[in-house]
Amino acid sequence: MAARRNNSKGRPRNAEATRQRILAAASDEFSRHGFAGARIDRVAGLAGANKRMIYAYFGSKDQLYEALMERKIAEWVEAVPFTPNELDAYAAARFDYMQAHPEVRRLAAWRTFERSKPTTAERAIYQTRIDALSAAQRAGKVSAAIPAADLYAMVARLTESWLNAPPALLATSRSPLGFKRLAQHRKALLRAVRLLSEPR
């Protein structure tokens, strides 16, 4: 079958590049408006595509959203390896990643607010991490004073505690997201995680 063409000169359409543009546009749209408020026509405009092309590539708004979440989760997992025996190192890496990717924080916030159904991949990731943390506790490498699921939840939230703090709390600092304040908070974060996780 002949390659599909996208202009009068007959150059083949770069399907993967188009797909990546659509996903990048979807990231912007869903992180700003959540799933319910997102609009496919705005995604199309941002991507320089048309709505029919988006449906052809992804099938539906739901499937576009799931494809975006799978991509973001895969990027996060690759960039922030889970180290159950060194939760402070994991917390530091997660904090750095969330600081550098505010759109990921917004997507996560919308996902929690809208009570979006988790994907199979998401559930598997968290279950694997809780199991690994439980194993580290049994081996005496991590404190077992707090159940693994609760400990993971606390560490994850601590990594975002200042980045997602209420505006009034951020206002207590002259430069809440400045380098000095973030470095100070990062240091405090690591101490808090060590206090929670180091064996006694």
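The values are calculated or read from the model by the stated rules, or taken from the named source; none is laboratory data. Bear in mind that the values here come from a model prediction, so they are computed numbers and not experimental data. Backbone-built Cβ (ideal geometry, glycine too); neighbour counts: all protein chains shown. Note: areas computed on protein heavy atoms with side chains; ligands, DNA, RNA excluded. Shrake-Rupley method; radii C 1.70, N 1.55, O 1.52, S 1.80 Å.
Overview of values
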item	result
The stretch 141-200: number of residues that are open to solvent by 30 Å² or more (accessible area, probe 1.4 Å) and touching a residue at least 60 places away in the same chain (Cβ under 8 Å)	4
Complete set of residues in the stretch 150-178 that are in a loop (DSSP other than H, G, I, E, B) and among the aliphatic types (A, V, I, L, M)	163, 165, 171, 177
Test: residue in the stretch 132-149 that is outside any loop (DSSP other than H, G, I, E, B) and under 14 Å from the mean Cα position of the chain (by Cα)	no
Residues (open to solvent by 60 Å² or more (accessible area, probe 1.4 Å) and polar (S, T, N, Q)) located in the stretch 128-140	128
Extreme residue, most open to solvent (accessible area, probe 1.4 Å), among residues of the stretch 109-127 that are hydroxyl-bearing (Ser, Thr, Tyr) and either touching a residue at least 24 places away in the same chain (Cβ under 8 Å) or not in a helix (DSSP H, G or I) (or both)	126
Residue check for residue 161: under 19 Å from the mean Cα position of the chain (by Cα), under 22 Å from residue 97 (Cβ atoms) and of a type outside the set (A, V, I, L, M, F, W, C)	yes
Counted residues, the stretch 48-67 - those being surrounded by 15 or more Cβ atoms within 10 Å (Cβ to Cβ) and either at positive phi or of a type in the set (Asp, Glu) (or both)	1
Selection count where residues are in a helix (DSSP H, G or I) and in contact (Cβ under 8 Å) with a residue 40 or more places away in the chain, scope the stretch 75-88	5
Residues of the stretch 25-37 satisfying the condition of being surrounded by 14 or more Cβ atoms within 10 Å (Cβ to Cβ) and either more than 15 Å from residue 108 (Cα to Cα) or not aliphatic (A, V, I, L, M) (or both)	25, 27, 28, 29, 30, 31, 32, 33, 34, 35
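Yes/no per residue for (1) surrounded by 18 or more Cβ atoms within 10 Å (Cβ to Cβ); (2) closer than 30 Å to residue 136 by Cβ; (3) modelled with pLDDT under 95; (4) not small (Gly, Ala, Ser):
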site: 43; (1), (2), (3), (4): yes, no, no, yes
site: 69; (1), (2), (3), (4): yes, yes, yes, yes
site: 76; (1), (2), (3), (4): no, yes, yes, yes
site: 84; (1), (2), (3), (4): yes, yes, no, yes
